[in-house]
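Taking it in order: structure first as structure tokens, then the write-up.
The values are calculated or read from the model by the stated rules, or taken from the named source; none is laboratory data. Predicted, not measured: the structure shown is a model, and the values here were computed from it. Methodologically, a virtual Cβ is constructed for each residue, glycine included, from the backbone with ideal geometry; neighbour enumeration extends over all protein chains shown. Protein only, heavy atoms only, side chains kept; ligands, DNA and RNA dropped before computing areas. Shrake-Rupley method; radii C 1.70, N 1.55, O 1.52, S 1.80 Å.
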2 protein chains.
Amino acid sequence: MILSALLTSVAINLGLCLLFFTLYSILRKQPGNITVYVPRLVADGKVEEGRQFNLERLLPTAGWVKKAWEPTEEEFLSNSGLDAFVFMRMFVFSLKVFTFGGIIGMFVLVPINYLGSQLTDDSDFQHKSLDSFSISNVNNGSNRLWIHFSAAYIFTGVVCYLLYYEYRYISSKRIACFYSSDPQPHHFTVLVRGIPIPPGSTCAAAVERFFTEYHPSTYLSHSVVRRNNKLHNLIEVPAAFVSFKTRFGAAIALHIQEGVDPTQWITEEAPEPHDVYWPFFTVSFLKRWISKLGVFVAYTSLTILFLIPVGIVQGLTHLDQLETLFPFLKGILRLSVVSQVITGYLPSLILQLFLSFVPPTMIMLSSLQGYISWRSALYRVNIFLEPKGIPRVLAEAHAVMRRPVAEQLAITTAPSGIAERVTTAPAEFLKVYVPKFETGGEFWPTVHTSTIFSLILMHVIAIGIFGLKNLPLAAGLTLPLPILTLLFNEYCQKRFLPIFKHFPAEVPSSASKSSCCLSLQS
Amino acid sequence: MILSALLTSVAINLGLCLLFFTLYSILRKQPGNITVYVPRLVADGKVEEGRQFNLERLLPTAGWVKKAWEPTEEEFLSNSGLDAFVFMRMFVFSLKVFTFGGIIGMFVLVPINYLGSQLTDDSDFQHKSLDSFSISNVNNGSNRLWIHFSAAYIFTGVVCYLLYYEYRYISSKRIACFYSSDPQPHHFTVLVRGIPIPPGSTCAAAVERFFTEYHPSTYLSHSVVRRNNKLHNLIEVPAAFVSFKTRFGAAIALHIQEGVDPTQWITEEAPEPHDVYWPFFTVSFLKRWISKLGVFVAYTSLTILFLIPVGIVQGLTHLDQLETLFPFLKGILRLSVVSQVITGYLPSLILQLFLSFVPPTMIMLSSLQGYISWRSALYRVNIFLEPKGIPRVLAEAHAVMRRPVAEQLAITTAPSGIAERVTTAPAEFLKVYVPKFETGGEFWPTVHTSTIFSLILMHVIAIGIFGLKNLPLAAGLTLPLPILTLLFNEYCQKRFLPIFKHFPAEVPSSASKSSCCLSLQS
């Protein structure tokens, strides 16, 4: 790819960004679109439809951007819930990392790379290959590589600091929200599966007998899961929702192995009442286990198959290969604009297109996996969507030896159009997004792990580059960096992860004072 | 190695076995040795010292072998505990696997291998290389390889059946023993570490306040850990043993995260009273964590370093290389007996010698790892000692392409002298071994996993061999075998492993009837 192709790509993205910004500015003001752009306010009766026509309605304005940033964190939390809040923090975190990496890359590393003379590229500035701006152009063994070395350490340090800060902050919010929120029915309830029904007895009797015997002081009541069969009879499904007098009682039943046979009396967290996904209640332990394994295989295959579009994208950046494969295209490909669009913009477009197929596929697969809750099904999808970048990142690593570290970081940390998304996200959350389920920000640990993975990948690449560039000392001295990063990760997971798994027995003394979380609308 | 070298090794081992058997038979009857051979009976007053001299005392007899097998399982359990019982089952299990593998290998595979003509070895029978008895000698592409293929499936099936049977049997014994044993003080107690002491308060007050608040109905009492410092003052260690009114109460405190900060109020199982290892009570969360990491690195290094003796052993079996390295030994090495001992017996002797260094090293390392219990320290050692064979097995895999599957199995499953050990083990357990600690057979899952690992390794090797032998169909059809084995393992771990981690809330209806476990002597 040459510089002008990159600039073309930047120009197309900026142009599209401006176009969507303008369209959004105008469309949102049209009375007919109110239900599209502010459905929450319409539902809450805060917006009246059908205002009078005025010219201002046809002009793009930017006032809504300011407004979108006005709500405080507390307002945001109570309006949209912790999940949306954590989602926002994730974007802001990415923006911080991207800005810091971008500044170091653009103002320190790229100039240093450009001053090198390793590659002989005599084209004029506009037609210079991007390689001339990459670390490839720094002379082998040059002491300037130590600046890249320092950049890797500084960048890692800053990212880890930000990660720690976010993890701690989100953890504290999660605990505060849990204790300040109204008690929810599903906190008092566990789902019990694999109920062994003695011959001649019923499921209800078995559950009653078991929990009165082993949880006498906390057991409240139960409700056996039934379903209509095709003959419209109620069938005896061996699963039940068991309720306890206290949240603590439910937590005990959840954490202590109940049955002598670990495949019986399995307790799991009850989903929120409107979050129950019924089809999987009839499935046995073995069937669920097999379907989970099957879906795991499908996941893995999909990840591998995803290398195909990545390969296509890689091919596009090598225009000469394309010419060899399709000689009849030669004429068109030689047109400057066409080649710039093809090598600069098309690859990211194709990748985005293929990425958009991933979420529906994942939802389909996760629904096969036997979850009894829509939320957890979607949450799993979310987990996978986050590391979905992994194959892409890995594939890009092929090309990375010829790219500056900062550019690589930009690829890893900033999906295209992130600034646009950050700007519009609060508006969407407050006026469109109606939170139905609340995981309490449980996806943050995934974001954390993915970032650590990207850092380690960067270190490995850096070690490789320093080795190739005849600076083995720098390669050796970079080695502690991934080790320290992994230790940092290990510490963070010990320190914060349990908070995202279960809630502690201790109630923080400040809990009763804060009241920051929304109550879900059932 | 040639056949006569193998036979020499067998002869030496048998000779030594007979020698030790005779020595044991005579020595055990000498009155002066009573405290060595039956110290338990002496301690219990069941044996009187100083009998009259008679000739029988100087003759080797075998009656004790029969006697050693006389006690029933129940007697054995109540005398020596579940750990010793599981240890015995482990030996018997190994013996079963070894016998089955040995029969298939000796009477089916070895004859088939010998009938092949792939290797041209014109030596007379006695000087034939062992390769002539290995799968290497089967002709490439021969249909006889399908017998090896079937053997792999049959052997895996039998081993998996035995594994399942043992796992289920030991699980049931473990549960029965737990419920029939007298309640032990450490079942009612948890160790609490990382106690945050508010300024102006004491550790005792903090513990009292916390557990009266969050476990009001089950909390009984506590005892803060103190230690003498060099000035003989009692110091305020932030750890305490907290006792509960019921086992269930202690289990709740153990399983539910206590503090808002997961590095505070950490609960763990209390060791048995006489099993406490005090030095590590003063160590902080971070220090323990770092020392654990350090020991992990040491473990890994040791495993890698262990390849050195394995390399030496491998070298010894190639006598010609030894001649090249030390030409002055040529004369001696050419002596038939010397070469047979060196290639046949010496390798296993050297390996045994190096293996004997492992346990003390492991005990040293595990004592650095921050355990507060001798038992758990030793248990960890046990875990590592079991997979200690892994590097050996892997190293032997180098040579394995030239050996029959059955021989490989014999290496993996049967340590030398196993028959001898099995015979003497009950005598030792009943008359010498005084159980001090009881893990309730917690090491069985490790034995299970190691066996599965060996099976998978065998499958991988088999696939490789079938590939090399130009029978790709057999290689392909072997592929499902490791997958099925892993699925079987996954099922077993789901079904039985939780029983070895924690005890369930449910009490089996038969529990009160059986009474099979010993009470430990404090």
- prompt: If you rank A:Met364, A:Met88 by how much accessible surface each has, with a 1.4 Å probe, what is the order from largest down?
  reply: A:Met364, A:Met88
statement: Asked for the total accessible area buried by B and A (1.4 Å probe, Å², nearest 100), one would answer 3200
query: Over segment B:124-271, what number does the Rg to Rh ratio reach, with both radii from the alpha-carbon atoms and Rh per Kirkwood?
result: 1.40
task: Pop out the carbon and sulfur fraction of the accessible area of segment A:110-186 as a percent, whole number, probe 1.4 Å.
output: 57
query: Under a plain spin-label model, where a point goes 7 Å from the Cα along Cα-to-Cβ, how far apart in nm are A:Glu323 and A:Thr22?
result: 3.6
field: Shielded by partner chains, segment B:461-504 residues - at least 40 Å² of accessible area, 1.4 Å probe, vs chain alone
entry: B:Leu487, B:Tyr491, B:Lys494, B:Arg495, B:Pro504
task: Might you work out the accessible area of B:Asp182 for me, using a 1.4 Å probe with all protein chains in place, and round it to the nearest 10 Å²?
output: 90
- request: Once the label point is placed 7 Å from Cα along Cβ, list for B:Leu16 the distances to the corresponding points in the other copies, in nm, shortest first.
  value: 7.4
query: Looking only at segment B:163-188, which residues have a backbone nitrogen under 11 Å from a spot 7 Å from the Cα of B:Tyr491 in the C-beta direction?
result: B:164
field: Heavy-atom SASA rank of B:His502, A:His448 (probe 1.4 Å, accessible area, largest first)
entry: B:His502, A:His448
statement: Sorting from shortest, the nanometre distances separating the label point of A:Lys46 (7 Å past Cα along the line to Cβ) from those of the same residue in the other copies are 8.2
statement: Karplus ³J(HN,Hα) for segment B:138-152 (6.51 cos²θ - 1.76 cosθ + 1.60, θ = phi - 60°; Hz, whole; x = Gly/Pro) runs 6, 5, 4, x, 5, 5, 5, 4, 5, 5, 4, 4, 5, 4, 4
- prompt: Structure shown: which of B:Lys67/B:Lys173; A:Lys67/A:Lys431; A:Lys173/B:Lys287; A:Lys96/A:Lys501; A:Lys66/A:Lys431 lie over 18 Å apart, alpha-carbon to alpha-carbon?
  reply: B:Lys67/B:Lys173; A:Lys173/B:Lys287; A:Lys96/A:Lys501
task: List the residues of segment B:308-348 whose backbone N lies under 16 Å from a point placed 7 Å from the Cα of B:Gln126 along the Cα-to-Cβ direction.
output: B:335-341
- request: Round to the nearest 10 and report in Å² the accessible area of B:Trp69, as given by a 1.4 Å probe over the protein chains' heavy atoms.
  value: 120
task: Rounded to the nearest 0.05, what FRET efficiency do A:Asn139 and A:Ala11 give with R0 = 25 Å and r taken as the Cβ-Cβ distance? Could you check?
output: 0.20
message: Charges on Cβ only, +1 for Lys and Arg, -1 for Asp and Glu, centred on the Cα centroid of segment B:82-170; of B:Val86, B:Tyr153, B:Val110, which one is farthest towards the dipole's positive end?
response: B:Val86
Cβ-Cβ FRET estimate between A:Ser223 and B:Trp64, R0 fixed at 51 Å, reported to 0.05: 0.20
query: A:Ile195's amide H: which non-local residues (gap 5+, or another chain) put their own amide H closer than 5 Å, with H modeled 1.01 Å from N in plane and none for Pro or chain starts?
result: A:Trp265
field: Modelled FRET efficiency - R0 60 Å, A:Arg168 with B:Leu335, Cβ distances, 0.05 increments
entry: 0.25
message: With the crude spin-label approximation of a point 7 Å out along Cα→Cβ, what separation in nm comes out for B:Phe107 versus A:Ile304?
response: 4.2
- line: For segment A:332-343, in residue order, the Karplus 3J(HN,Hα) values (coefficients 6.51, -1.76, 1.60; θ = phi - 60°; whole Hz; Gly and Pro = x) are 5, 5, 6, 5, 4, 5, 4, 5, 5, 5, 5, 7
- prompt: Is any residue of segment A:349-368 close enough, with backbone N under 11 Å, to a label point placed 7 angstrom from the Cα of A:Tyr277 along the Cα-Cβ axis, and if so, which?
  reply: A:362-368
- prompt: How much of B:Leu16 can a 1.4 Å solvent probe reach, expressed as accessible area in Å² and rounded to 10?
  reply: 60
query: Where along chain B is the Cβ that lies nearest the axis linking it to chain A, and how many Å separate them?
result: B:His255, 2
- prompt: Stokes-Einstein at 4 °C, 1.567 mPa s, Kirkwood radius from Cα pairs: D for segment B:185-271 in µm² s⁻¹?
  reply: 99
- prompt: How large is ³J(HN,Hα) for each residue in segment B:238-249, as worked out from phi by the Karplus curve 6.51 cos²θ - 1.76 cosθ + 1.60 (θ = phi - 60°), to whole Hz, x for Gly and Pro?
  reply: x, 9, 8, 8, 10, 9, 10, 6, 10, 4, 4, x
field: Size of electric dipole in segment A:185-271: Cβ of Lys, Arg +1 and of Asp, Glu -1, about Cα centre, debye, nearest 20
entry: 300
